[in-house]
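Here's the structure we're looking at; comments come further down.
The values are calculated or read from the model by the stated rules, or taken from the named source; none is laboratory data. On a predicted model such as this, the values are computed, not experimentally measured, just so you know. Calculation scope for accessible area: heavy atoms of the full protein, side chains included, ligands and nucleic acids excluded. Shrake-Rupley method; radii C 1.70, N 1.55, O 1.52, S 1.80 Å.
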Amino acid sequence: MEPLSRPQAIIDFCLAPLALDTGTEAEREVRRRLEHVIKTYQTKLAVASAPTTVDFSQMPSQVINEAAHGYE
């Protein structure tokens with residue numbers, strides 16, 4: 001997977017597992033807020049001369065202990 005730098009691409013990737021109804025007021029508000037956060041961080045990082053891409057292939061995987069939740 002290529003690292004993502006565009007806010008919309010990052011948001012699309014993060015929201016995909018939720019399968020939100022597109023076009024709803026709630027979905028638009030979530031996207032608006034996330035875009036604001038990402039653009040704010042990218043602006044701050046640009047001033048600090050730090051990289052601004054997100055590489056989800058480097059994200060640690062989550063391990064679920066099914067026995068702890070009663071699923072054996």
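The long axis of helix 25-47 is offset from the longest Cα principal axis of the chain by roughly 60 degrees.
In the context of the full set of protein chains, the chain has a per residue accessible area of 84 Å² (1.4 Å probe).
If you roll a 1.4 angstrom probe over the protein chains with everything in place, what fraction of the accessible area of the chain belongs to carbon and sulfur, to the nearest %?
Values: 3430 of 6020 Å².
For the chain, the apolar C and S fraction of the accessible surface comes to 57 percent.
Largest mean-square fluctuation among D55, D21, D12, in a Gaussian network model of the chain whose springs join Cα atoms under 10 Å apart, belongs to D21.
Taking amide H as placed 1.01 Å from N in the peptide plane, the amide H of V54 sits under 5 Å from that of L4, S5, each at least 5 places away or on another chain.
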